[in-house]
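**Q** Pasting a structure below so you can have a look.
The values are calculated or read from the model by the stated rules, or taken from the named source; none is laboratory data. None of the values given here were measured: they were computed from a predicted structure. We place every Cβ from the backbone using ideal geometry, glycine too, and count neighbours over all the protein chains shown. SASA here: full protein model, heavy atoms, side chains in, ligands and nucleic acids out. Shrake-Rupley method; radii C 1.70, N 1.55, O 1.52, S 1.80 Å.
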Amino acid sequence: MDTLSRFTGLTIVSLFTALCLNSTAFAQSTVPPVSLHQAEQVAAATNVPVLGAARAGTRIVTVGDHGVVLLSDDDGKSYRQARAVPTNLALTATYFVDSHKGWAVGHGGVVIATGDGGETWKLERSDLGVDQPLFSVYFRNENEGWAVGLWSLMLHTMDGGRHWIPLAVPVPPGAKKADKNLYSIFTSRNGALFMTSEQGLVLRSADAGATWDYVKSGYSGSLWTGIGLRDGTLLVGGLRGSVLRSEDNGNTWSPAKTDLASSITAFGEQSDGSVIAVGVDGAVLKSNDGGRTFSGKTRSDRQALTAVLPQAGAAAHLFSDGGPLDIVR
């Protein structure tokens with residue numbers, strides 16, 4: 001397991017378990033009792049750590065610590081807090097299928113859903129007996145979706161989230177049980193599903209999630225995020241600035257050239273075809289060749305970046321453990 005220093009608080013740890021002092025010790029620790037409460041309206045809501053971001057049509061929706069959901073209807077110039085969120089636990093990711101319907105996941109195994117673009121949310125699922133966080137959520141359409149998280153937790157719904165069914169994850173090669181953390185779920189251009197995991201492992205399903213197999217990326221560390229580009233290229237990223245690239249639907253991977261060693265937390269593909277990668281220590285990298293090479297810089301504030309949303313052209317919105325940030329161009 002990888003051993004890293006902690007960020008500023010538990011919320012960043014909740015998204016990337018590898019940031020714990022030791023993920024094995026974390027798994028064995030006693031989980032404190034938790035309960036669900038309505039998220040409070042926070043005076044400095046835009047300073048609360050953002051752990052996930054998505055677009056609901058033209059609206060920007062972010063989720064983060066204390067169940068804070070932020071909405072922007074002016075392309076990031078200003079944000080306001082959602083009216084009703086049924087949990088004050090950390091929310092780690094969100095996904096929208098259109099301008100109205102979306103989901104968010106987080107601590108306590110919570111899944112919440114909205115039908116009004118993030119204004120109000122309802123609870124669909126929780127498991128407070130063990131704080132087994134969900135780290136990522138993806139919906140193929142308004143009915144079928146997946147959520148993944150700690151210790152190979154994978155959930156599946158076929159009815160828009162009214163029922164979430166746990167799915168068995170295959171045992172990794174050479175292991176005795178499936179206990180790897182699943183950090184992100186994403187899809188390729190041809191509809192294949194992928195999940196990033198620990199020890200450089202990527203899970204892949206070519207049959208709509210019915211079966212999964214492991215593919216080795218050639219890297220031995222944790223992979224925190226991934227993206228399927230419009231041209232069919234796959235990118236995964238993780239510890240120490242590692243970015244791996246595949247042009248054959250995940251069969252083989254090759255390392256991208258990057259000039260920063262900051263761990264990668266999110267990718268975004270711009271409308272002009274360029275790719276933005278962001279990471280810890282304020283790392284912002286850009287690729288103009290389909291992810292073969294990345295160059296960039298470290299922000300002077302060294303803010304830990306947690307999410308990125310493409311804007312028109314080559315610009316992108318950045319989000320961090322200190323809230324939404326300025327647009328990068």
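**Q** Give me, ordered by chain and number, the residues 5 or more places off residue 52 or on other chains with an amide H under 5 Å from its own placed amide H.
**A** Long-range HN contacts for residue 52: 63.
**Q** Simple spin-label model, 7 Å along Cα-to-Cβ: residue 98 to residue 83 in nm?
**A** About 2.0 nm separates the two model spin labels.
**Q** Quick one: net charge around residue 107, please, counting Lys, Arg +1 and Asp, Glu -1 for every other residue with C-beta under 11 Å from its C-beta.
**A** Details: positive: none; negative: 65, 127, 131.
Charge balance near residue 107 sits at -3.
**Q** Measuring with a 1.4 Å probe in the full set of protein chains, what accessible area per residue, in whole Å², belongs to the stretch 129-265?
**A** On the way: 5380 Å² over 137 residues.
Each residue of the stretch 129-265 exposes 39 Å² on average to a 1.4 Å probe.
**Q** Could you report the stretch 274-315's accessible area per residue, 1.4 Å probe, as an integer in Å²?
**A** 37
**Q** Multiply the residue separation of residue 116 and residue 252 by 0.36 nm, subtract the distance between their alpha-carbon atoms, and state the gained length in nm to one decimal.
**A** Separation in residues times 0.36 nm, less the Cα-Cα distance, equals 44.9 nm.
**Q** Another question, if that's okay. Please get the size of the charge dipole for the chain, origin at its Cα centre, with Cβ charges of +1 on Lys and Arg and -1 on Asp and Glu, quoted in debye to the nearest 20.
**A** With Lys and Arg at +1 and Asp and Glu at -1, about 420 debye.
**Q** Once all Cα-Cα distances of the stretch 229-319 are split into 10 Å bins that start at 0, what whole-number percent is in each one?
**A** 19, 54, 26, 2
**Q** Of the accessible area of the chain, with the probe set at 1.4 angstrom, what percent is carbon plus sulfur?
**A** In the chain, the share of accessible area belonging to carbon and sulfur is 50 percent.
**Q** FRET efficiency for residue 327 and residue 210, Cβ-Cβ distance as r, R0 = 45 Å, nearest 0.05?
**A** 0.65
**Q** Out of 86, 173, 133, any idea which swings most in a Gaussian network model of the chain, alpha carbons joined below 10 Å?
**A** Comparing 86, 173, 133 in the GNM, the peak value goes to 173.
**Q** If amide hydrogens are placed 1.01 Å from N in the peptide plane, which non-local residues have theirs closer than 5 Å to the one on residue 110?
**A** Those lying under 5 Å, H to H, from residue 110 are 127, 134.
**Q** Would you calculate a helix-derived [θ] at 222 nm for the chain, using -39,500 (n - 2.57) for each DSSP H run of n ≥ 4 and dividing by the full residue count, to the nearest 500? List each step's numbers first, then the result.
**A** Numbers: 2 runs with 12 residues, N = 329.
Computed ellipticity for the chain at 222 nm equals -1000 deg cm²/dmol.
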